[in-house]
Amino acid sequence: MNEILKVEHLKKYFVKKGIFGSKAATVKAADDITFSLKKGEVFVLAGESGSGKSTIAKLILKSIEPDSGNVIFEDQIIGEDEESLKKIRMNCQMIHQDPYDSINPRMKIRDIVAEPLEIHKMGNKSERVQRVTEVLKEVKLEPAEEIIKKYPHMLSGGQRQRVVLARALSVKPKIIIADEPVSMLDMSIRAEMLELMHELQKKYDVSFIYITHDLATARYFGQRIGILYLGRIVEIGTIDEVLQKPRHPYTQALIDAISEPDPKNLYKEKKIRINEPIDVDVYEGCRFRSRCPYQIDKCKEDPALEKVGDDHFCACYVELD
Ligand SMILES: Nc1ncnc2c1ncn2[C@@H]1O[C@H](COP(=O)(O)OP(=O)(O)O)[C@@H](O)[C@H]1O
Ligand SMILES: [Mg+2]
């Protein structure tokens, strides 16, 4: 297959220390996560805050160690040796939600964008300056000759996120992981940034893992999607299948949350209130059980992902229409 990245049974549990005498609790941030990314594909990881999206990104880049499971890049297990770590860190670049997480406010734009080239010792100094100018033009930060002399605070939020995109593209990576790249931007400039990512994704034929809690942007940008709920993928498949024929009640709830508000339905009770607090041991049985209107006795056992269509898998006992 033309799979560039495989994530196999990744597991990462955190122990949260109890405060003020409360008991310590285990958070299963990533629990048996398996998916693959094809060359040139945009795979979306979607789920609410706290579902484990950023943990999975960190596990792929080995900025945190998994409890178990493997990350396989171009048929090589990452972390087996130093070489493999260098390889993933060069070929897989990250875009964070907050540009300030990845750029140093005291550095000029030229040095920020050139930094990955320097780390990976690509080109000599003048070649690097040339590449920086070129990639700034590609993200439409012009005149690039002026922009390179500026500091991050002299740019707008949208421009800063373009700098981060330019920096990620500078080394011509094979994969970009974009962790909620537009969620901190003003509504008015989100579409612009998404369009730009879409355009450059095609131009570079770079594979993307696009992390979001927003299914509307997922539909615009992605080809396949995994729906995460409390550390588990509960539904996975092509965007068209999953978003048009959602099988998991949680996916349906997420889709409900983005559907056009019809004034007629404004005061109707939604079938699922997806922000209801959870008060049972959520890791026992189906994790969505306590918030699910369709729960049956069997849901006390953990459901596995089952094939429900062409390239479409769902972990739920209930057959929804
Ligand atoms: N270093 C950590 N120590 C303890 N708990 C953590 C740590 N990192 C993440 N978590 C917990 O793991 C869960 C998943 O977090 P995260 O991956 O950041 O979710 P998301 O990116 O989907 O919002 C959350 O409950 C979070 O509080
Ligand atoms: Mg996150």
Applying the Karplus parametrisation 6.51 cos²θ - 1.76 cosθ + 1.60 with θ = phi - 60° to the phi angles of the stretch 150-159, what ³J(HN,Hα) value in whole Hz is obtained for each residue in order, glycine and proline being reported as x? 8, 9, x, 5, 7, 10, 7, x, x, 5
Non-local residues with an amide H under 5 Å from the amide H of residue 229, with H modelled 1.01 Å from N and Pro and chain starts lacking one, are 234
Amide H to amide H under 5 Å from residue 95: which residues, 5+ apart in sequence or cross-chain, H placed 1.01 Å off N in plane? 177, 178, 179
If each of residue 101 and residue 304 carries a label point 7 Å out from its Cα toward its Cβ, how far apart are those two points in nm? 3.4
Qualifying lysines (Cα of each under 19 Å from Cα of residue 86; at least 8 residues distant if same chain): 6, 58, 62, 121, 172, 174
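Length gain on complete extension for the stretch residue 13 to residue 68, per 0.36 nm per residue less the alpha carbon to alpha carbon distance? Walk me through the numbers before you get to the answer.
On the way: separation 55, 0.36 × 55 = 19.80 nm, distance 0.99 nm.
In short, 18.8 nm is gained.
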Counting sequence-distant residues (5 or more places) and residues on other chains, those with an amide H built under 5 Å from that of residue 308 are 313, 314
Please enumerate, by chain and number, the lysines with C-alpha under 16 Å from the C-alpha of residue 17, excluding those fewer than 8 residues away in the same chain. 28
Sequence-distant aspartates and glutamates (8 or more away, or on other chains) whose Cα lies within less than 19 Å of residue 245: 214, 235, 256, 260, 306, 310, 311, 319, 321
Once R0 is set to 30 Å, what does the formula 1/(1 + (r/R0)^6) return for the Cβ-Cβ distance between residue 220 and residue 23, expressed as a FRET efficiency to the nearest 0.05? 0.10
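How many percent of all Cα-Cα pairs in the stretch 185-240 sit more than 18 Å apart?
Working: 578 of 1540 pairs.
Within the stretch 185-240, distances greater than 18 Å cover 38 percent of Cα pairs.
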When you have a sec, figure out the Kirkwood radius of the stretch 3-222 from all distinct Cα pair distances and drop it here in Å to one decimal? 18.3
Distance in nm between residue 82 and residue 186 label points, each 7 Å along Cα→Cβ, equals 4.8
GNM top mover of 132, 206, 15 - the chain, alpha-carbon springs below 10 Å: 15
From the phi of every residue in the stretch 173-188, what ³J(HN,Hα) in whole Hz does the Karplus formula 6.51 cos²θ - 1.76 cosθ + 1.60 yield, where θ is phi - 60° and glycine or proline is x? x, 8, 9, 10, 9, 10, 8, 6, x, 10, 6, 9, 8, 4, 2, 5
Return the sequence-ordered ³J(HN,Hα) values of the stretch 67-77 in whole Hz as given by the Karplus equation 6.51 cos²θ - 1.76 cosθ + 1.60 applied to θ = phi - 60°, using x for Gly and Pro. 5, 7, x, 10, 10, 10, 10, 6, 6, 10, 6
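Coordinate-derived values only; no laboratory data. Computed from a prediction, not measured in an experiment: that's the story for all the values here. Ideal geometry is used to build each Cβ from the backbone, glycine not excepted, and the neighbour counts take in all protein chains shown.
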